[in-house]
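K.L.:
Sharing a structure here in structure tokens format.
The values are calculated or read from the model by the stated rules, or taken from the named source; none is laboratory data. Computed from a predicted structure; not experimentally measured. Methodologically, a virtual Cβ is constructed for each residue, glycine included, from the backbone with ideal geometry; neighbour enumeration extends over all protein chains shown.
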Amino acid sequence: MPRHAPPRHRRARLRAAAAVAALLLPGLLAPPAQARGGPVEGPTAHLPAAAAAGRTATRAQAARIDAYWTAARLRAARPIPLPTRSGIPGPTASVAASEAPLPPRKGDGASPTAPHQPGGGGPDGGHRSSSAPAARRWGSQGTMPARTTGKLYFTTPMGDASCTATVINSPHRNTVWTAGHCVHPAGGGAGAYYDDFMFVPDADNGQDPHGRWTFRFATTPQAWQESGDWHYDMAALAFYPQQDGGNLADRLGAQGYYFGGGTDFPRVVDFGYPSDGYRRSDFTGRNLWYCEGPTSAVSTTDDLMTLRCDMGHGCSGGPWIVDLQADRGWGYIVGTNSHRDIDTAGGWADDRLYSASHGNAAIHLYDEVSRH
């Protein structure tokens with residue numbers, strides 16, 4: 001596994017911007033331009049794990065967003081690049097030390113209140129218990145947990161883009177969990193957020209069987225917004241209820257969460273909408289895939305989580321779920337697809353995916369989005 005490079009925030013963000021442009025620019029309709037600040041230099045030890053102020057949308061803006069996302073734009077949106085670890089900040093023990101660990105926080109998922117099919121999953125209608133770094137098609141779209149996972153669409157200065165996101169249970173029952181790089185490019189402050197977020201749950205080959213929801217608030221940890229530290233690559237969004245479909249969790253169900261529970265889990269199920277992958281050519285970005293296996297911390301001094309899975313661009317923001325039971329269709333989110341390694345030639349080094357450890361920052365983020 002390539003070693004962590006020392007902090008090179010400016011070069012890392014230039015590479016990230018170039019990667020985004022390369023994937024998003026060709027043939028895309030340009031979205032409204034957004035103000036963008038400069039990256040913050042130096043270590044992130046002074047930045048708290050608290051959530052940032054975020055971006056909001058009024059109901060009038062939500063109506064404009066809904067009109068913006070035509071069928072043609074949804075088809076043309078490109079997956080946000082899955083970032084690599086080249087040039088990322090090193091372990092941030094000093095950040096963790098600046099704030100005592102909060103008690104673990106765990107909340108159950110929920111089944112839809114509307115009539116629905118029972119949970120299920122996997123090619124054979126159930127789960128396999130062995131590790132499976134090669135992603136497989138989730139064979140039960142239309143049921144839990146596929147109903148809670150979908151595609152998050154948004155606009156960037158380089159074009160229309162998409163990620164994977166998941167409904168998470170919350171007080172207002174309209175919250176989605178994803179990766180920080182799916183709502184903010186990292187660095188640049190509050191003015192750099194992406195915009196026009198639209199969530200299409202259970203997306204399947206271009207279909208939106210449950211409709212779509214427009215956002216009212218999006219936020220990330222402050223350490224991601226200000227400096228792009230991958231240890232804080234997570235985000236949460238609150239959505240307006242659908243006029244006909246009501247709240248997300250009522251209509252679709254919701255996954256639970258387990259924050260502060262550590263980094264090592266014997267089995268997680270990882271979902272995503274990959275458009276490519278490590279030594280794979282059969283992904284299209286139009287349907288749901290999954291991996292399953294154990295997770296661990298990168299090292300004793302670095303609490304980034306790692307999981308073997310060969311999904312690529314488009315899986316960003318997909319949930320890592322523990323205790324996912326087929327009969328109920330929900331488990332507990334403990335991480336999200338964040339980034340992967342590259343080799344000396346710039347290609348993917350292996351089939352490992354990484355996630356930020358969901359501890360204090362995830363708890364603060366969840367509390368912040370629950371207030372909106």
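K.L.:
What residue, among those in segment 122-146 that are under 19 Å from the mean Cα position of the chain (by Cα) and over 20 Å from SER275 (Cα atoms), is modelled with the lowest pLDDT?
P.N.:
MET144
K.L.:
Only one of SER275, SER299 is small (Gly, Ala, Ser), out of contact with any Cys (no Cβ under 8 Å at 6 or more places or on another chain) and under 23 Å from PRO101 (Cα atoms); which?
P.N.:
Exactly one residue qualifies, and that residue is SER299.
K.L.:
Does ALA218 satisfy being touching a strand residue (DSSP E or B) at 6+ places or on another chain (Cβ under 7 Å), within 23 Å of VAL322 (Cβ to Cβ), crowded, with 24+ Cβ neighbours inside 10 Å and not aromatic (Phe, Trp, Tyr)?
P.N.:
Numbers: touching a strand residue (DSSP E or B) at 6+ places or on another chain (Cβ under 7 Å): yes; within 23 Å of VAL322 (Cβ to Cβ): no; crowded, with 24+ Cβ neighbours inside 10 Å: yes; not aromatic (Phe, Trp, Tyr): yes.
Taking the combined requirement at face value, the residue does not satisfy it.
K.L.:
Let me ask you something else. Out of the residues in segment 319-348 that are aliphatic (A, V, I, L, M) and surrounded by fewer than 24 Cβ atoms within 10 Å (Cβ to Cβ), state the one that is modelled with the highest pLDDT. Reasoning before the result, please.
P.N.:
Our first condition is that a residue be aliphatic (A, V, I, L, M); within segment 319-348, this holds for 321-322, 324, 326, 333-334, 342, 345.
Checking the rest, the ones that are also surrounded by fewer than 24 Cβ atoms within 10 Å (Cβ to Cβ) come to 322, 326, 342, 345.
Values: VAL322: 98, ALA326: 86, ILE342: 85, ALA345: 83.
Step by step, filter segment 319-348, then rank; the result is VAL322.
K.L.:
Which ones in segment 252-267 are surrounded by fewer than 24 Cβ atoms within 10 Å (Cβ to Cβ) and either small (Gly, Ala, Ser) or part of a helix (DSSP H, G or I) (or both)?
P.N.:
Those that are surrounded by fewer than 24 Cβ atoms within 10 Å (Cβ to Cβ) and either small (Gly, Ala, Ser) or part of a helix (DSSP H, G or I) (or both): GLY256, GLY260, GLY261, GLY262.
K.L.:
Out of HIS172, HIS231, HIS184, which single residue is in a loop (DSSP other than H, G, I, E, B) and within 18 Å of the chain's Cα centre (by Cα)?
P.N.:
Working: HIS172 fails: within 18 Å of the chain's Cα centre (by Cα); HIS231 fails: in a loop (DSSP other than H, G, I, E, B).
Among HIS172, HIS231, HIS184, only HIS184 is in a loop (DSSP other than H, G, I, E, B) and within 18 Å of the chain's Cα centre (by Cα).
K.L.:
Next question, about the same structure. Determine if segment 185-193 includes at least one residue that is among the hydroxyl-bearing types (Ser, Thr, Tyr), touching a strand residue (DSSP E or B) at 6+ places or on another chain (Cβ under 9 Å) and within 25 Å of PRO112 (Cβ to Cβ).
P.N.:
No, segment 185-193 contains no residue that is among the hydroxyl-bearing types (Ser, Thr, Tyr), touching a strand residue (DSSP E or B) at 6+ places or on another chain (Cβ under 9 Å) and within 25 Å of PRO112 (Cβ to Cβ).
K.L.:
Is at least one residue of segment 208-222 over 28 Å from TYR278 (Cβ atoms) and either in contact with a Pro (Cβ under 6 Å, 6 or more places away or on another chain) or assigned to a helix (DSSP H, G or I) (or both)? Spell out how you get there, then give the answer.
P.N.:
Taking segment 208-222 first, the residues over 28 Å from TYR278 (Cβ atoms) are 208-219, 222.
Remaining after also requiring either in contact with a Pro (Cβ under 6 Å, 6 or more places away or on another chain) or assigned to a helix (DSSP H, G or I) (or both): 210, 222.
Yes, segment 208-222 has at least one match.
K.L.:
Right, here's the next one. Going by what's in this entry, would ARG173 be described as crowded, with 24+ Cβ neighbours inside 10 Å and either aromatic (Phe, Trp, Tyr) or closer than 25 Å to ARG371 by Cα (or both)? First the steps, then the outcome.
P.N.:
Working: crowded, with 24+ Cβ neighbours inside 10 Å: no; either aromatic (Phe, Trp, Tyr) or closer than 25 Å to ARG371 by Cα (or both): yes.
For ARG173, the condition - crowded, with 24+ Cβ neighbours inside 10 Å and either aromatic (Phe, Trp, Tyr) or closer than 25 Å to ARG371 by Cα (or both) - is not met.
K.L.:
Being over 13 Å from GLY272 (Cα atoms), touching a residue at least 60 places away in the same chain (Cβ under 8 Å) and part of a strand (DSSP E or B), is that true of even one residue in segment 308-315?
P.N.:
To start, the set of residues in segment 308-315 that are over 13 Å from GLY272 (Cα atoms) comprises 308.
Cutting the leftovers down to touching a residue at least 60 places away in the same chain (Cβ under 8 Å) gives us 308.
Checking the rest, the ones that are also part of a strand (DSSP E or B) come to 308.
Yes, the conditions are met somewhere in segment 308-315.
K.L.:
Sticking with this structure for a sec: Would you say GLN207 is more than 16 Å from ILE65 (Cβ to Cβ) and free of Cβ contacts under 8 Å to residues at least 24 places away in the same chain?
P.N.:
Here the answer is yes, as GLN207 does meet what is asked.
K.L.:
What tally of residues in segment 129-169 results from selecting those that are hydroxyl-bearing (Ser, Thr, Tyr) and assigned to a strand (DSSP E or B)?
P.N.:
Result for segment 129-169: 7.
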